[in-house]
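What follows is one structure encoded as structure tokens, with my remarks underneath.
The values are calculated or read from the model by the stated rules, or taken from the named source; none is laboratory data. As the structure is a computational prediction, the values presented were derived from the model and not from experiment. Note: ideal-geometry Cβ built from the backbone for every residue, glycine included; neighbour counts use all protein chains shown. The area values use the complete protein model at the heavy-atom level, side chains included, leaving out ligands, DNA and RNA. Shrake-Rupley method; radii C 1.70, N 1.55, O 1.52, S 1.80 Å.
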Amino acid sequence: QVQVVESGGGLVQAGGSLRLSCATSGSHYVFDHVGWYREAPGKEREFVADITSGNGTKYADSVLGRFTISRDMAKNTVYLQMNSLKAEDTAVYYCNAARGSWLSWWGQGTQVTVSS
């Protein structure tokens, strides 16, 4: 019943921008947190940004000031605006939607490649 689908990834040059989208299940589902994580080759999955149902936000230090997370509750969609991209941002980006502290659902991931 719950689905999480990312989109918007692609190839971009260093200094460029991308906007990722995370579409979650319909309006009947309310998530307490929706977060973005990324996994680079050979590295562990790491936290990038998070937004709560009350629109509180949190960012990893590595992306603070460059990335912005937001949500459109009517569309059940969370966005990650990525500016001033660096080669180090290259990774598969995953969306995670959580209900409470025990339940969460992962998307399939979308590839972001930054060339330099």
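Criterion first (open to solvent by less than 50 Å² (accessible area, probe 1.4 Å), touching a Gly at 6+ places or on another chain (Cβ under 7 Å) and on the phi < 0 side of the Ramachandran plot) does A49 satisfy it? Spelling it out, A49 is indeed open to solvent by less than 50 Å² (accessible area, probe 1.4 Å), touching a Gly at 6+ places or on another chain (Cβ under 7 Å) and on the phi < 0 side of the Ramachandran plot. If I filter the range 53-62 down to residues being open to solvent by 40 Å² or more (accessible area, probe 1.4 Å) and touching a residue at least 12 places away in the same chain (Cβ under 8 Å), which single residue comes out as nearest to D89 (Cα to Cα)? The residue in question is S62.
Looking across the range 67-90, just one residue is of a type in the set (D, E, K, R), closer than 21 Å to V2 by Cα and crowded, with 17+ Cβ neighbours inside 10 Å, and that is R71. The residues of the range 63-114 that are among the aliphatic types (A, V, I, L, M), within 19 Å of S53 (Cα to Cα) and free of Cβ contacts under 8 Å to residues at least 60 places away in the same chain, listed by number, are I69, M73, A74, V78, L103. Of all residues assigned to the range 96-108, at least one qualifies as being aliphatic (A, V, I, L, M) and surrounded by 14 or more Cβ atoms within 10 Å (Cβ to Cβ). Scanning the range 23-82 for residues being within 18 Å of V114 (Cα to Cα), in a strand (DSSP E or B) and out of contact with any Phe, Trp or Tyr (no Cβ under 9 Å at 6 or more places or on another chain) gives a total of 0. Taken as a whole, the condition of being among the aromatic types (F, W, Y) and either in contact with a His (Cβ under 6 Å, 6 or more places away or on another chain) or surrounded by 19 or more Cβ atoms within 10 Å (Cβ to Cβ) (or both) applies to Y93.
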